[in-house]
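A.B. asks: I'd like to ask you about the structure that follows.
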Amino acid sequence: MAGEPSADPRTRDPRERRRLVAMALVAAAAVAAVVLAVILSGAPWEAGPQTAQPMQSQASSTSPPSTQAAPAPSQSQSSEPLPSESQSSETSQTSDAPGEATAPPPVAPGPTPPPETLPAPQDPPPAAPFPLGLAGQDVEVVPGAGPSVALTFDAGANSAALPSILQTLAGAGVRGTFFLTGAWAAANPAGVAAIVAGGHRVGNHSQTHPDFTGLPDAGIGDQVRAAQQAIVAAGADPRPLFRFPFGARDARTIAAVNNLGYVPVRWSVDTLGWKGTSGGVTAQQVADRALAALQPGEIVLMHIGSNPDDGSTLDADALPQMIERMRQAGYGFVTLDSLVAG
């Protein structure tokens, strides 16, 4: 209406305009401050150059730098290098923390030298089962025995004469040597026990009494070992004395027996008592043959079995006068242990 003041801002008072401008600037400044605060609060702490230094300082105070030399291992530790800090977390857990006592990690034993570098254990050489000078021989006389006789008895058939022979030897105070087959020992354990109880020596006479010259070396080994096992099982040890069945031998069979740890023992004289009365032999003839061959170290062959045809036991019958006549001739008696002693 006519006569009212004009509403045009240009017509306002200049002081009013300055007051409005100032208020607008203050408001703008406040908004800018808020925006700046929001931006600054979202920045990572580590990004600042000043905040990175405290972290480096703290890390250096709790663990040594990777370039620091590791302490020398003690004598009980392995000589292998220590794992680095960049390896598995299991390794890093074994490192010591300040102020915290931790058990040392298990120490692996040092490397073992390969087997080929270790010297092989050396067993002492076995003692010779018999004097080496007897190797290759089928001994017929006891060397160095002086005026002595070795009475020997083979057992491979029956044992009909054994009680009489043992009684005669015991009554005369004489000890003999008995060569047993393994089959006989297995069938006559009481006979083996009686021989051992009388203080007599036992030898190996094969398992089944075959001719060794017709056997391969493997067969010889089977015969000798089987007999040894049977005799030992019966309570005696025949080693190292052996007698060939039938006296059949050659260089090969002697060497095979030697390789089994035995020395073959033959005889100086065979009484031939095994032929029996059916073979035209008498007890007197048996004794005479033994006396006719008398010599230092004589080995006399007799048998404990009876003749299969007539049942005679001529060796047992002749034994008492044989011992008496030999003593009258100035001879004593030894077992074949004197052959292999020393």
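A.B. asks: Could you please give the count of residues in region 128-173 that are out of contact with any Ser or Thr (no Cβ under 8 Å at 6 or more places or on another chain) and either at positive phi or among the aromatic types (Phe, Trp, Tyr) (or both)?
C.D. replies: Total satisfying the criteria: 5.
A.B. asks: Just give me the residues in region 201-226 being closer than 15 Å to His303 by Cβ and open to solvent by 10 Å² or more (accessible area, probe 1.4 Å), in sequence order.
C.D. replies: Residue satisfying the conditions is His209 alone.
A.B. asks: For residues that are small (Gly, Ala, Ser) and surrounded by fewer than 22 Cβ atoms within 10 Å (Cβ to Cβ), scanning just region 301-331, find the one that is farthest from the chain's Cα centre (by Cα).
C.D. replies: Checked region 301-331; the qualifying residue farthest from the chain's Cα centre (by Cα) is Ala329.
A.B. asks: Scan (1) in contact with a Gly (Cβ under 6 Å, 6 or more places away or on another chain); (2) open to solvent by 60 Å² or more (accessible area, probe 1.4 Å) for the single condition Leu166 breaks and write down its number.
C.D. replies: Here Leu166 clears every test but (2).
A.B. asks: Which condition number does Thr271 fail, the rest of (1) of a type in the set (Ser, Thr, Tyr); (2) under 25 Å from Pro143 (Cβ atoms); (3) in contact with a His (Cβ under 9 Å, 6 or more places away or on another chain); (4) open to solvent by 20 Å² or more (accessible area, probe 1.4 Å) being met?
C.D. replies: Tallying (1) of a type in the set (Ser, Thr, Tyr); (2) under 25 Å from Pro143 (Cβ atoms); (3) in contact with a His (Cβ under 9 Å, 6 or more places away or on another chain); (4) open to solvent by 20 Å² or more (accessible area, probe 1.4 Å), Thr271 fails exactly one: (4).
A.B. asks: Condition check: under 17 Å from Pro320 (Cα atoms), open to solvent by less than 10 Å² (accessible area, probe 1.4 Å), in contact with a helix residue (DSSP H, G or I) (Cβ under 9 Å, 6 or more places away or on another chain) and not basic (Lys, Arg). Does Leu241 satisfy that?
C.D. replies: So Leu241 fails the test.
A.B. asks: Could you list, in sequence order, all residues of region 215-237 that are of a type in the set (Val, Ile, Thr) and within 12 Å of Leu180 (Cβ to Cβ)?
C.D. replies: Within region 215-237, Ile231, Val232 qualify.
A.B. asks: Kindly indicate the residue of region 184-200 that is among the small types (Gly, Ala, Ser) and open to solvent by 60 Å² or more (accessible area, probe 1.4 Å) and also nearest to Asn259 (Cα to Cα) among those meeting that condition.
C.D. replies: Ala186
The values are calculated or read from the model by the stated rules, or taken from the named source; none is laboratory data. Values in this document were obtained by computation on a predicted structure and should not be read as measured data. Cβ atoms come from the backbone with ideal geometry, glycine included; neighbour counts cover every protein chain shown. The accessibility values were calculated without ligands, DNA or RNA, using every heavy atom of the protein model including side chains. Shrake-Rupley method; radii C 1.70, N 1.55, O 1.52, S 1.80 Å.
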